[in-house]
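Engineer: Could you have a look at this structure, given as structure tokens, before my questions?
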Amino acid sequence: MKKPPIVITCFNRPDELSEALIALEKNQGIENRNIYFFIDGPRNQNDKIKINMVNKVIKEFSKNKIVHIQNNKKNNGLRKNMTDNLNFIFSKHESAIIMEDDTVVSSDFLLFMDYHLKKFNNNNQIAAINSWIPRNLLFDGYFQSRMFRCWGFGTWERVWKDYRRKPEIYKKYSKFYLRYHFDNIFTEDFTGQLRDNFLKNKDTWAVYFEWLVFEKKLKCISPTRTLSKNIGFANPTNTKIEIYQPILKGKFKKFSLIKFSFIIENYLFINLFINKVILKIRSLF
């Protein structure tokens, strides 16, 4: 199996991209690998200036690497830019590692991705390989859960071919069903994202990948210590509210904790649930 390509979706954030590429370059295995940059088009003159800066950052990074750059002439927005890019990538590659320009990764990110994309290549129950988790655990290894996180992940053509954007989901199911089952007993806000997409207040893609995982009862592989973090809250595309970021100290471990996945998943669920309750109580005062 060839090394999966790295796909980086960019827009008008040269500073964030620079920090992301500095971190990515520290990864073993970046050599002799296709790296695709997809840069969305400008909305205004200020975007044009920043996109020129983005191209300069990529040019500096590209030395001694196999880099492909596509600049969109018009602004497609994150959702269309991402989905069109992945449709193109999976017409050429069996698997891929996907990042955005505000994703900073640990030095073991590629090792983790490569190992698990190969290990679970033929396992049709696994939909994606995550690099981000909401809280670091005290022990090293990897586990499986329904949780999908788009801040640095890997997946396969066999999964992506079933991806569809489905705004009608929001009206097809009751709000309680979505909040209880899809939102994992009110601990997430995927229903809010479905609502915003249905009302055309947002145009996002990741919530529908999460729905694919949920609908088909698939699982994702995650590290027990985060291998990535999002640095784009100061200049966001779609995520407007800053989310708790675990300290980036993840290390690649081949130690399987899949037999303990139920325990780990429920620990994270309880932790998220308690945090939601605390935030709700604080909002009352």
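The values are calculated or read from the model by the stated rules, or taken from the named source; none is laboratory data. All figures in this text were calculated on a predicted structure; none of them were measured in a lab. Because the Cβ atoms are built from the backbone with ideal geometry, glycine has one as well, and the counts that use them run over all protein chains shown. Just the protein is used for accessible areas: all its heavy atoms, side chains included, with ligands, DNA and RNA removed. Shrake-Rupley method; radii C 1.70, N 1.55, O 1.52, S 1.80 Å.
Engineer: Can you list residue pairs whose Cβ atoms sit under 6 Å apart, with the first residue in segment 179-203 being closer than 20 Å to residue 80 by Cβ and without any contact (Cβ under 8 Å) to a residue 12 or more places away in the chain and the second being charged (D, E, K, R) and open to solvent by 20 Å² or more (accessible area, probe 1.4 Å)? Count only pairs 6 or more apart in sequence or on different chains.
Structural biologist: If the second residue must be charged (D, E, K, R) and open to solvent by 20 Å² or more (accessible area, probe 1.4 Å), the pairs left are 196/202.
Engineer: Right, something else. Just to confirm my filter: which strands (runs of 3 or more DSSP E) fall fully inside segment 66-111 and include at least 3 residues that are open to solvent by 40 Å² or more (accessible area, probe 1.4 Å)?
Structural biologist: Of the strands (runs of 3 or more DSSP E) lying wholly inside segment 66-111, those with at least 3 residues that are open to solvent by 40 Å² or more (accessible area, probe 1.4 Å) span 66-71.
Engineer: Being part of a loop (DSSP other than H, G, I, E, B) and of a type in the set (A, V, I, L, M, F, W, C) is the filter here; which residues of segment 212-227 pass it?
Structural biologist: Step one: list which residues in segment 212-227 are part of a loop (DSSP other than H, G, I, E, B), which gives 216-218, 224-227.
Across segment 212-227, the qualifying residues are 218, 227.
Engineer: Still on this structure: Among the residues that make up segment 15-25, is at least one of them within 19 Å of the chain's Cα centre (by Cα) and among the polar types (S, T, N, Q)?
Structural biologist: Yes: one or more hits.
Engineer: So if I check each of 200, 216, which one is of a type in the set (Lys, Arg) and at positive phi? Spell out how you get there, then give the answer.
Structural biologist: Details: 216 fails: at positive phi.
It is 200.
Engineer: I've got another one for you. Six or more apart or on different chains, Cβ under 7 Å: which pairs go from a residue in segment 110-121 that's β-branched (Val, Ile, Thr) to one that's open to solvent by 10 Å² or more (accessible area, probe 1.4 Å)? Could you list them?
Structural biologist: Correct list of pairs: empty, since none qualify.
Engineer: Please work out if residue 122 is open to solvent by less than 50 Å² (accessible area, probe 1.4 Å), assigned to a loop (DSSP other than H, G, I, E, B) and farther than 16 Å from residue 213 by Cα.
Structural biologist: On the way: open to solvent by less than 50 Å² (accessible area, probe 1.4 Å): no; assigned to a loop (DSSP other than H, G, I, E, B): yes; farther than 16 Å from residue 213 by Cα: yes.
It is false that residue 122 is open to solvent by less than 50 Å² (accessible area, probe 1.4 Å), assigned to a loop (DSSP other than H, G, I, E, B) and farther than 16 Å from residue 213 by Cα.
Engineer: Filter segment 3-32 for residues that are free of Cβ contacts under 8 Å to residues at least 40 places away in the same chain and not in a helix (DSSP H, G or I); which is most open to solvent (accessible area, probe 1.4 Å)?
Structural biologist: Once the filter is applied, the top-ranked residue is 32.
Engineer: Scan segment 188-220 for residues that are surrounded by fewer than 19 Cβ atoms within 10 Å (Cβ to Cβ) and either of a type in the set (Val, Ile, Thr) or over 25 Å from residue 257 (Cα atoms) (or both) and jot them down.
Structural biologist: Once the filter is applied, which keeps residues that are surrounded by fewer than 19 Cβ atoms within 10 Å (Cβ to Cβ) and either of a type in the set (Val, Ile, Thr) or over 25 Å from residue 257 (Cα atoms) (or both), segment 188-220 yields 189, 192, 195, 196, 198, 199, 200, 201, 202, 203.
Engineer: Among the residues of segment 123-139, is there at least one that is among the basic types (Lys, Arg), touching a residue at least 12 places away in the same chain (Cβ under 8 Å) and either touching a Phe, Trp or Tyr at 6+ places or on another chain (Cβ under 7 Å) or under 18 Å from residue 265 (Cβ atoms) (or both)? Walk me through it before giving the result.
Structural biologist: Going through segment 123-139, the residues among the basic types (Lys, Arg) turn out to be 135.
From what's left, touching a residue at least 12 places away in the same chain (Cβ under 8 Å): 135.
With the extra rule that they be either touching a Phe, Trp or Tyr at 6+ places or on another chain (Cβ under 7 Å) or under 18 Å from residue 265 (Cβ atoms) (or both), the set shrinks to 135.
Within segment 123-139 (the criterion being among the basic types (Lys, Arg), touching a residue at least 12 places away in the same chain (Cβ under 8 Å) and either touching a Phe, Trp or Tyr at 6+ places or on another chain (Cβ under 7 Å) or under 18 Å from residue 265 (Cβ atoms) (or both)), the answer is yes, since at least one residue qualifies.
Engineer: Sticking with this one: Could you look through segment 232-245, keep only residues that are open to solvent by 40 Å² or more (accessible area, probe 1.4 Å) and in contact with a helix residue (DSSP H, G or I) (Cβ under 9 Å, 6 or more places away or on another chain), and pick out the one that is modelled with the highest pLDDT?
Structural biologist: The initial filter retains those residues of segment 232-245 that are open to solvent by 40 Å² or more (accessible area, probe 1.4 Å), namely 234-237, 239-245.
Keeping just the survivors that are in contact with a helix residue (DSSP H, G or I) (Cβ under 9 Å, 6 or more places away or on another chain) gives 234-235, 237, 244.
On the way: 234: 61, 235: 55, 237: 52, 244: 69.
Top of the filtered list is 244.
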